[in-house]
Amino acid sequence: MKVMECQTYEELSQTAARIVGDTIKKNSGAVLGLATGGTPEGTYRELIRLHQTENLSFQNVTTVNLDEYAGLSSDDPNSYHYYMNHRFFQHIDSQPSRHFIPNGHAVDLESECRRYEQLVKSLGGTDIQLLGIGRNGHIGFNEPGTPFQSRTHIVTLNEQTRQANARYFSSIDSVPTKALTMGIQTILTSKRILLLVSGKSKAEAAKKLLEGDISEDFPASALRLHSDVTVLIDREAAALRP
Ligand code: F6R
(Lines give C-alpha, C1' and ligand atoms only; values in the text may rest on other atoms or scores of the structure.)
Protein backbone atom coordinates (compact mmCIF):
# COMPACT_ATOMS: atom_id res chain seq x y z
CA MET A 1 0.00 0.00 0.00
CA LYS A 2 1.22 3.42 -0.89
CA VAL A 3 0.49 5.97 1.85
CA MET A 4 0.29 9.67 1.02
CA GLU A 5 0.00 11.98 4.00
CA CYS A 6 -1.81 15.28 3.45
CA GLN A 7 -1.84 18.20 5.86
CA THR A 8 -5.56 18.92 5.68
CA TYR A 9 -8.87 17.50 4.51
CA GLU A 10 -8.84 20.04 1.66
CA GLU A 11 -5.44 18.85 0.46
CA LEU A 12 -6.61 15.22 0.71
CA SER A 13 -9.72 16.03 -1.35
CA GLN A 14 -7.72 17.89 -3.99
CA THR A 15 -5.21 15.05 -4.26
CA ALA A 16 -7.97 12.44 -4.57
CA ALA A 17 -9.75 14.47 -7.27
CA ARG A 18 -6.47 14.91 -9.15
CA ILE A 19 -5.89 11.14 -9.13
CA VAL A 20 -9.44 10.41 -10.34
CA GLY A 21 -9.17 13.21 -12.92
CA ASP A 22 -5.88 11.82 -14.25
CA THR A 23 -7.53 8.38 -14.57
CA ILE A 24 -10.22 9.94 -16.77
CA LYS A 25 -7.68 11.92 -18.80
CA LYS A 26 -5.81 8.70 -19.58
CA ASN A 27 -9.03 6.79 -20.32
CA SER A 28 -12.10 8.88 -21.07
CA GLY A 29 -14.28 5.75 -20.77
CA ALA A 30 -12.99 4.83 -17.31
CA VAL A 31 -15.21 2.93 -14.89
CA LEU A 32 -15.21 4.79 -11.57
CA GLY A 33 -16.14 2.99 -8.36
CA LEU A 34 -17.71 5.59 -6.07
CA ALA A 35 -18.45 5.88 -2.37
CA THR A 36 -20.74 8.06 -0.27
CA GLY A 37 -20.44 9.34 3.31
CA GLY A 38 -18.79 12.47 4.64
CA THR A 39 -15.23 11.74 3.56
CA PRO A 40 -15.56 11.88 -0.27
CA GLU A 41 -17.74 15.02 -0.26
CA GLY A 42 -14.67 17.24 -0.70
CA THR A 43 -13.41 15.04 -3.54
CA TYR A 44 -16.74 15.41 -5.37
CA ARG A 45 -16.66 19.19 -4.84
CA GLU A 46 -13.15 19.30 -6.26
CA LEU A 47 -14.04 17.07 -9.23
CA ILE A 48 -16.95 19.42 -9.98
CA ARG A 49 -14.50 22.34 -9.88
CA LEU A 50 -12.16 20.51 -12.29
CA HIS A 51 -15.14 19.95 -14.59
CA GLN A 52 -16.17 23.62 -14.44
CA THR A 53 -12.78 25.27 -14.62
CA GLU A 54 -10.47 22.77 -16.31
CA ASN A 55 -12.88 21.10 -18.75
CA LEU A 56 -12.59 17.69 -17.13
CA SER A 57 -15.30 15.73 -18.94
CA PHE A 58 -17.21 12.76 -17.54
CA GLN A 59 -19.16 12.25 -20.77
CA ASN A 60 -17.89 8.73 -21.44
CA VAL A 61 -17.34 7.67 -17.85
CA THR A 62 -19.30 4.87 -16.18
CA THR A 63 -19.87 5.07 -12.42
CA VAL A 64 -20.59 2.17 -10.11
CA ASN A 65 -21.44 2.86 -6.47
CA LEU A 66 -20.46 0.64 -3.61
CA ASP A 67 -23.66 0.40 -1.68
CA GLU A 68 -27.20 1.52 -0.91
CA TYR A 69 -29.60 1.24 2.01
CA ALA A 70 -32.36 -1.36 1.72
CA GLY A 71 -35.88 0.00 1.77
CA LEU A 72 -35.18 3.57 0.63
CA SER A 73 -36.37 4.71 -2.78
CA SER A 74 -33.98 6.60 -5.02
CA ASP A 75 -35.68 9.94 -4.32
CA ASP A 76 -35.46 9.54 -0.55
CA PRO A 77 -33.05 12.29 0.61
CA ASN A 78 -31.18 9.74 2.75
CA SER A 79 -30.63 7.29 -0.08
CA TYR A 80 -27.24 7.07 -1.70
CA HIS A 81 -28.97 7.61 -5.08
CA TYR A 82 -30.05 11.02 -3.82
CA TYR A 83 -26.62 11.75 -2.33
CA MET A 84 -24.87 10.99 -5.64
CA ASN A 85 -27.34 12.92 -7.76
CA HIS A 86 -27.26 16.01 -5.61
CA ARG A 87 -23.64 16.11 -4.54
CA PHE A 88 -22.06 15.03 -7.81
CA PHE A 89 -23.97 13.85 -10.88
CA GLN A 90 -26.16 16.96 -11.30
CA HIS A 91 -23.06 19.11 -11.51
CA ILE A 92 -21.08 17.21 -14.15
CA ASP A 93 -21.64 16.03 -17.73
CA SER A 94 -21.82 12.29 -17.09
CA GLN A 95 -24.68 10.30 -18.61
CA PRO A 96 -27.38 9.09 -16.19
CA SER A 97 -27.66 5.85 -18.19
CA ARG A 98 -24.09 5.09 -17.11
CA HIS A 99 -24.65 5.64 -13.36
CA PHE A 100 -25.07 2.41 -11.43
CA ILE A 101 -26.07 2.10 -7.77
CA PRO A 102 -27.62 -0.98 -6.15
CA ASN A 103 -31.40 -0.74 -6.03
CA GLY A 104 -32.29 -0.84 -2.34
CA HIS A 105 -35.95 -0.76 -3.21
CA ALA A 106 -35.91 -3.92 -5.35
CA VAL A 107 -38.63 -6.43 -4.50
CA ASP A 108 -36.12 -9.28 -4.49
CA LEU A 109 -32.94 -8.01 -2.86
CA GLU A 110 -31.06 -11.29 -3.30
CA SER A 111 -31.54 -11.21 -7.05
CA GLU A 112 -30.66 -7.49 -7.09
CA CYS A 113 -27.31 -8.41 -5.47
CA ARG A 114 -26.68 -11.05 -8.14
CA ARG A 115 -27.62 -8.60 -10.89
CA TYR A 116 -25.28 -5.95 -9.48
CA GLU A 117 -22.37 -8.34 -9.11
CA GLN A 118 -22.88 -9.45 -12.71
CA LEU A 119 -23.02 -5.82 -13.83
CA VAL A 120 -19.67 -5.00 -12.19
CA LYS A 121 -18.20 -8.10 -13.81
CA SER A 122 -19.59 -7.23 -17.24
CA LEU A 123 -17.94 -3.80 -17.00
CA GLY A 124 -14.62 -5.55 -16.39
CA GLY A 125 -14.48 -4.28 -12.79
CA THR A 126 -13.75 -0.66 -11.88
CA ASP A 127 -10.61 1.15 -13.04
CA ILE A 128 -10.38 3.04 -9.78
CA GLN A 129 -12.41 2.51 -6.62
CA LEU A 130 -12.87 5.37 -4.17
CA LEU A 131 -13.31 4.16 -0.59
CA GLY A 132 -13.86 5.60 2.86
CA ILE A 133 -13.35 3.60 6.04
CA GLY A 134 -15.60 3.08 9.05
CA ARG A 135 -14.21 3.41 12.57
CA ASN A 136 -14.61 -0.35 12.89
CA GLY A 137 -12.71 -0.88 9.64
CA HIS A 138 -15.72 -1.43 7.41
CA ILE A 139 -15.40 -0.74 3.70
CA GLY A 140 -18.60 -0.37 1.73
CA PHE A 141 -21.05 -1.82 4.24
CA ASN A 142 -18.83 -4.84 4.86
CA GLU A 143 -18.83 -5.04 8.62
CA PRO A 144 -16.24 -6.90 10.75
CA GLY A 145 -16.53 -10.65 10.20
CA THR A 146 -17.44 -10.37 6.50
CA PRO A 147 -15.56 -13.03 4.51
CA PHE A 148 -12.87 -11.62 2.25
CA GLN A 149 -14.37 -13.79 -0.53
CA SER A 150 -17.73 -12.00 -0.33
CA ARG A 151 -19.47 -10.65 -3.42
CA THR A 152 -22.37 -8.17 -3.55
CA HIS A 153 -24.68 -9.10 -0.69
CA ILE A 154 -27.29 -7.93 1.81
CA VAL A 155 -25.97 -6.85 5.19
CA THR A 156 -27.50 -6.17 8.56
CA LEU A 157 -25.94 -2.92 9.73
CA ASN A 158 -24.36 -3.05 13.13
CA GLU A 159 -25.21 -0.55 15.86
CA GLN A 160 -21.96 1.44 15.59
CA THR A 161 -22.49 2.01 11.87
CA ARG A 162 -26.15 2.96 12.33
CA GLN A 163 -25.15 5.42 15.10
CA ALA A 164 -22.42 6.90 12.88
CA ASN A 165 -24.88 7.39 10.01
CA ALA A 166 -27.73 8.66 12.22
CA ARG A 167 -26.41 12.21 11.71
CA TYR A 168 -28.10 12.22 8.30
CA PHE A 169 -31.49 10.99 9.59
CA SER A 170 -34.14 12.54 11.84
CA SER A 171 -33.50 9.88 14.49
CA ILE A 172 -31.58 6.63 14.97
CA ASP A 173 -34.87 4.75 14.53
CA SER A 174 -35.15 5.95 10.92
CA VAL A 175 -31.72 4.58 9.96
CA PRO A 176 -32.33 1.44 7.89
CA THR A 177 -31.21 -1.83 9.42
CA LYS A 178 -30.17 -3.43 6.14
CA ALA A 179 -28.15 -2.43 3.09
CA LEU A 180 -26.81 -3.84 -0.16
CA THR A 181 -23.08 -3.65 -0.66
CA MET A 182 -20.37 -4.79 -3.02
CA GLY A 183 -18.50 -7.54 -1.22
CA ILE A 184 -14.85 -7.38 -0.26
CA GLN A 185 -13.89 -9.59 -3.20
CA THR A 186 -15.92 -7.35 -5.54
CA ILE A 187 -13.97 -4.33 -4.26
CA LEU A 188 -10.66 -6.15 -4.67
CA THR A 189 -11.41 -6.72 -8.38
CA SER A 190 -10.86 -2.99 -8.96
CA LYS A 191 -7.66 -2.25 -10.85
CA ARG A 192 -6.75 0.54 -8.47
CA ILE A 193 -8.08 1.50 -5.04
CA LEU A 194 -7.99 4.95 -3.48
CA LEU A 195 -8.81 4.92 0.22
CA LEU A 196 -9.54 8.25 1.92
CA VAL A 197 -8.97 8.49 5.67
CA SER A 198 -9.74 11.79 7.33
CA GLY A 199 -10.22 13.19 10.82
CA LYS A 200 -9.26 12.18 14.33
CA SER A 201 -12.21 9.79 14.66
CA LYS A 202 -10.43 7.60 12.07
CA ALA A 203 -6.96 7.65 13.68
CA GLU A 204 -7.45 4.31 15.45
CA ALA A 205 -8.76 2.65 12.27
CA ALA A 206 -5.83 4.09 10.29
CA LYS A 207 -3.34 2.64 12.77
CA LYS A 208 -4.98 -0.80 12.58
CA LEU A 209 -5.08 -0.65 8.79
CA LEU A 210 -1.41 0.23 8.46
CA GLU A 211 0.04 -1.77 11.33
CA GLY A 212 -2.46 -4.43 12.39
CA ASP A 213 -3.00 -7.98 11.20
CA ILE A 214 -4.78 -8.89 7.99
CA SER A 215 -7.99 -10.25 9.43
CA GLU A 216 -11.69 -10.52 8.63
CA ASP A 217 -12.26 -8.83 12.00
CA PHE A 218 -11.03 -5.65 10.33
CA PRO A 219 -12.42 -5.61 6.76
CA ALA A 220 -10.17 -2.83 5.42
CA SER A 221 -7.12 -5.00 6.12
CA ALA A 222 -8.12 -6.99 2.99
CA LEU A 223 -6.83 -4.03 0.99
CA ARG A 224 -3.31 -5.09 1.91
CA LEU A 225 -3.85 -8.10 -0.36
CA HIS A 226 -4.31 -5.80 -3.38
CA SER A 227 -1.31 -4.68 -5.44
CA ASP A 228 -2.39 -1.11 -6.22
CA VAL A 229 -3.83 0.69 -3.21
CA THR A 230 -3.18 4.34 -2.42
CA VAL A 231 -4.15 5.52 1.06
CA LEU A 232 -4.66 9.28 1.33
CA ILE A 233 -4.59 10.24 4.98
CA ASP A 234 -4.80 13.66 6.58
CA ARG A 235 -2.77 14.79 9.59
CA GLU A 236 -5.56 14.21 12.12
CA ALA A 237 -6.18 10.66 10.93
CA ALA A 238 -2.43 9.99 10.93
CA ALA A 239 -2.03 11.14 14.55
CA LEU A 240 -1.39 7.63 15.92
CA ARG A 241 1.11 6.65 13.24
CA PRO A 242 4.69 6.26 14.49
C1 F6R B 1 -20.18 4.71 1.87
C2 F6R B 1 -19.41 3.61 2.41
C3 F6R B 1 -18.91 3.58 3.82
C4 F6R B 1 -18.21 4.87 4.24
C5 F6R B 1 -17.76 4.78 5.70
C6 F6R B 1 -17.11 6.06 6.16
O7 F6R B 1 -20.55 4.44 0.51
O8 F6R B 1 -19.20 2.69 1.70
O9 F6R B 1 -18.03 2.50 3.97
O10 F6R B 1 -17.10 5.07 3.40
O11 F6R B 1 -18.85 4.51 6.50
O12 F6R B 1 -18.08 7.07 6.18
P13 F6R B 1 -17.68 8.57 6.45
O14 F6R B 1 -16.88 9.04 5.30
O15 F6R B 1 -19.01 9.30 6.56
O16 F6R B 1 -16.91 8.61 7.73
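The values are calculated or read from the model by the stated rules, or taken from the named source; none is laboratory data. Keep in mind that this is a model prediction, so the values were computed, not measured. Cβ placement follows ideal geometry from the backbone for every residue including glycine, while neighbour counts extend to all protein chains displayed.
If only one of Ser215, Ser198 is more than 13 Å from the ligand (Cβ to nearest atom) and at pLDDT 95 or above, which one is it? Quick ask: steps written out before the conclusion?
Values: Ser198 fails: more than 13 Å from the ligand (Cβ to nearest atom).
After applying the criteria, what remains is Ser215.
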Quick one: is Thr146 modelled with pLDDT of 95 or more, within 13 Å of the ligand (Cβ to nearest atom) and more than 21 Å from Lys208 (Cα to Cα)? no
Taking the condition of being aliphatic (A, V, I, L, M) and assigned to a loop (DSSP other than H, G, I, E, B), how many residues in the stretch 103-148 meet it? 4
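If I ask for residues that are more than 10 Å from the ligand (Cβ to nearest atom) and closer than 20 Å to Met182 by Cβ, which ones from the stretch 34-49 would you list? Break it down stepwise before answering.
First, pick out the residues of the stretch 34-49 that are more than 10 Å from the ligand (Cβ to nearest atom): 42-49.
Within the stretch 34-49, Thr43, Tyr44 meet the criteria.
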Checklist (1) loosely packed, with under 15 Cβ neighbours inside 10 Å; (2) farther than 26 Å from Lys200 by Cα applied to Gly145, failing item: (2)
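Quick check on the stretch 50-74: of everything there that is of a type in the set (S, T, N, Q) and not in a strand (DSSP E or B), which residue is farthest from the ligand (Cβ to nearest atom)? Spell out how you get there, then give the answer.
As a first pass, look at the stretch 50-74 and keep what is of a type in the set (S, T, N, Q): 52-53, 55, 57, 59-60, 62-63, 65, 73-74.
When the remaining residues are screened for being not in a strand (DSSP E or B), the result is 52-53, 55, 57, 59-60, 73-74.
Values: Gln52: 24, Thr53: 25, Asn55: 28, Ser57: 24, Gln59: 24, Asn60: 24, Ser73: 18, Ser74: 15 Å.
Once the filter is applied, the top-ranked residue is Asn55.
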